[in-house]
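Comments concern the structure below.
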Amino acid sequence: MSSTNLLLGMTFGATGNPFLVPHDEVISINTRGGVLLRDGKVAETGDADDLRARHPDACVTDYGGHLICPGFIDAHVHYPQTAIIASWGKQLIDWLNTYTFPEEMRLSDPDFARQTADRYLDLTLAHGTTTVASYCTIHPHSVDAFFEAALVRGLRVVAGKTCMDRNAPPDLRDTAQSAYDDSKRLIERWHGKRRLAYAITPRFSPTSTPDQLSALGALWAEHPDCLMQTHLSEQPAEIEWVKGLFPQARDYLDTYEAHGLLGARGVYGHAIHLEARETDRIAGTGAALVHCPTSNTFIGSGLMDVAGLAARGIPLGLATDTGGGSSFSMLRTMAATYEISQLRGTALHPAQLLWLATAGSARSLHLDDRIGRIAPGLEADLTVLDLASTPAIAQRHARAEDIWEAVFPTLMMGDDRAIADVWTGGMRQSDR
């Protein structure tokens with residue numbers, strides 16, 4: 001069998017940020033394009049006929065009218081919460097106490113952690129997601145389980161041990177020292193191994209003492225090539241809680257900044273209710289924010305200003321936020337992003353939505369030199385979309401008058417049925 005694969009179909013191309021320049025200048029779809037894969041990477045892109053003529057020995061897969069996209073990148077998830085997705089009611093703090101913490105305690109069992117990691121990655125791959133940035137639990141073996149499951153599937157993922165030393169059940173607390181020690185050992189074991197990367201992971205300021213935040217800030221200073229992921233300004237009640245716990249802080253962001261946890265490789269989930277100083281500091285440092293639209297509506301958090309923050313040049317990622325989010329699908333997440341932006345007065349273009357779920361999320365995770373676009377030299381993670389996957393979508397697709405009108409119904413109504421194929425590291429997932 002040929003070691004070179006040629007995939008033919010409509011191909012999505014991105015050369016820049018469609019939030020900063022007109023989308024038609026930096027985003028394109030080649031309606032009869034091709035992608036040549038070799039040694040786990042994209043070797044060439046171009047017109048289908050030209051690629052076939054130049055590479056007659058390549059193994060050809062012709063997807064016809066399907067859209068070949070970069071694999072979807074989910075920039076903020078909690079894989080331990082897989083089983084509690086779509087749990088009724090509750091806002092953030094009650095939801096954590098009622099659902100999240102009891103479920104995370106179950107991952108004290110290494111076998112249960114492995115089962116959860118396998119189930120989670122299988123579910124997300126079925127929805128076309130090829131990279132995730134996940135919070136684990138306080139148990140180091142929960143990180144091992146996740147990375148081991150990712151290795152089997154050939155995935156590029158980011159993950160870290162969640163650190164909490166207060167305002168959580170005793171069985172889910174570590175200490176400032178053990179959080180530092182456990183995280184350091186996990187960095188040494190996993191960071192940079194094949195397609196794996198470590199993220200230092202304080203859950204959020206309310207569940208970490210100043211001593212723990214400082215310990216993790218010191219660890220990040222020692223390992224500046226790691227990401228640091230946490231939560232920021234998700235709900236008003238949470239922000240008031242933070243003010244009470246950190247009376248000297250200027251704002252929520254300052255609780256991280258004061259302890260060495262603000263920087264260009266910082267990734268902050270939610271960021272709905274930011275103050276002006278916080279937005280300015282985030283923009284000034286190059287830190288990334290991650291939009292979690294189905295979670296923000298499901299838990300009643302609010303409406304992130306995606307267009308406004310993007311206009312500041314802040315790196316933005318997109319995420320399902322499993323299990324506070326109500327879907328494993330990045331297509332559903334794109335639809336929710338569109339709906340929320342409509343409520344804020346901006347109709348995002350489908351090119352912007354696809355960019356957020358691919359190149360935008362890659363940029364937020366500092367992986368845009370490896371994944372997120374279909375370009376020579378980048379890793380061959382690809383998701384192939386059937387743009388007529390259900391009768392409802394097909395009948396709307398049939399009326400499309402241009403390519404974006406053909407794509408948009410799948411972004412709004414698509415689910416796992418729209419995922420025609422998934423490739424990771426240059427290999428079709430069904431062949432692994």
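Overview of results
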item	result
Test: residue in segment 173-188 that is under 22 Å from Gly325 (Cα atoms), open to solvent by less than 10 Å² (accessible area, probe 1.4 Å) and in contact with a strand residue (DSSP E or B) (Cβ under 7 Å, 6 or more places away or on another chain)	no
Test set (1) farther than 19 Å from Leu262 by Cβ; (2) without any contact (Cβ under 8 Å) to a residue 40 or more places away in the chain - Thr358 fails condition number	(2)
Hits in segment 30-55 (condition: of a type in the set (A, V, I, L, M, F, W, C), open to solvent by 20 Å² or more (accessible area, probe 1.4 Å) and either touching a Gly at 6+ places or on another chain (Cβ under 6 Å) or more than 28 Å from Arg153 (Cβ to Cβ) (or both))	Ala53
The lone exception for Ala357 - which of (1) buried (at least 24 other Cβ atoms within 10 Å of the Cβ); (2) at pLDDT 95 or above; (3) in a loop (DSSP other than H, G, I, E, B) it fails	(3)
Strands (runs of 3 or more DSSP E) contained in segment 1-107 and holding at least 1 residues out of contact with any Phe, Trp or Tyr (no Cβ under 9 Å at 6 or more places or on another chain), among the polar types (S, T, N, Q) and touching a residue at least 12 places away in the same chain (Cβ under 8 Å)	4-14, 27-38, 41-47, 59-70
The lone exception for Glu257 - which of (1) open to solvent by 10 Å² or more (accessible area, probe 1.4 Å); (2) under 21 Å from Asp174 (Cα atoms) it fails	(2)
Complete set of residues in segment 296-316 that are touching a strand residue (DSSP E or B) at 6+ places or on another chain (Cβ under 8 Å) and either among the aliphatic types (A, V, I, L, M) or closer than 24 Å to Ile93 by Cα (or both)	Asn296, Ser301, Met304, Val306, Leu309, Ala310, Ile314, Leu316
Residues satisfying the stated conditions in segment 193-221, i.e. closer than 24 Å to Arg370 by Cα and either open to solvent by less than 20 Å² (accessible area, probe 1.4 Å) or in contact with a Lys or Arg (Cβ under 9 Å, 6 or more places away or on another chain) (or both)	Arg194, Arg195, Leu196, Ala197, Tyr198, Ala199, Ile200, Thr201, Trp220
Among (1) touching a residue at least 40 places away in the same chain (Cβ under 8 Å); (2) surrounded by fewer than 24 Cβ atoms within 10 Å (Cβ to Cβ); (3) touching a His at 6+ places or on another chain (Cβ under 8 Å); (4) in a helix (DSSP H, G or I), the one test that Arg363 misses	(3)
Residues that are open to solvent by 10 Å² or more (accessible area, probe 1.4 Å) and either under 21 Å from Asp182 (Cα atoms) or not in a helix (DSSP H, G or I) (or both), drawn from segment 109-150	Asp109, Pro110, Asp111, Phe112, Arg114, His127, Ile138, His139, Pro140, His141, Asp144, Glu148
Close pairs from segment 334-353: first β-branched (Val, Ile, Thr), partner surrounded by 23 or more Cβ atoms within 10 Å (Cβ to Cβ) and assigned to a helix (DSSP H, G or I), Cβ under 7 Å, at least 6 apart	Thr337/Pro293; Thr337/Val306; Thr337/Leu353; Thr337/Leu356; Ile340/Pro293
Matching residues, segment 60-86, being touching a strand residue (DSSP E or B) at 6+ places or on another chain (Cβ under 7 Å) and farther than 29 Å from His397 by Cβ	His76, Val77, His78, Tyr79
Residue among Gly317, Gly308, Gly324 that alone is under 24 Å from Asp254 (Cβ atoms), buried (at least 24 other Cβ atoms within 10 Å of the Cβ) and of a type outside the set (Ser, Thr, Tyr)	Gly317
Test: residue in segment 282-291 that is surrounded by fewer than 23 Cβ atoms within 10 Å (Cβ to Cβ), free of Cβ contacts under 8 Å to residues at least 12 places away in the same chain and among the polar types (S, T, N, Q)	no
Hey, Arg106 surrounded by fewer than 21 Cβ atoms within 10 Å (Cβ to Cβ), at pLDDT 95 or above and within 30 Å of Leu172 (Cα to Cα) or not	yes
Hits in segment 404-418 (condition: open to solvent by less than 30 Å² (accessible area, probe 1.4 Å) and either outside any helix (DSSP H, G or I) or in contact (Cβ under 8 Å) with a residue 40 or more places away in the chain (or both))	Val407, Thr410, Leu411, Gly414, Ala418
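The values are calculated or read from the model by the stated rules, or taken from the named source; none is laboratory data. Quantities reported herein were computed from a predicted structural model and do not represent experimental measurements. Because the Cβ atoms are built from the backbone with ideal geometry, glycine has one as well, and the counts that use them run over all protein chains shown. Just so you know, the surface numbers come from the protein's heavy atoms only, side chains and all, with ligands and any DNA or RNA stripped out. Shrake-Rupley method; radii C 1.70, N 1.55, O 1.52, S 1.80 Å.
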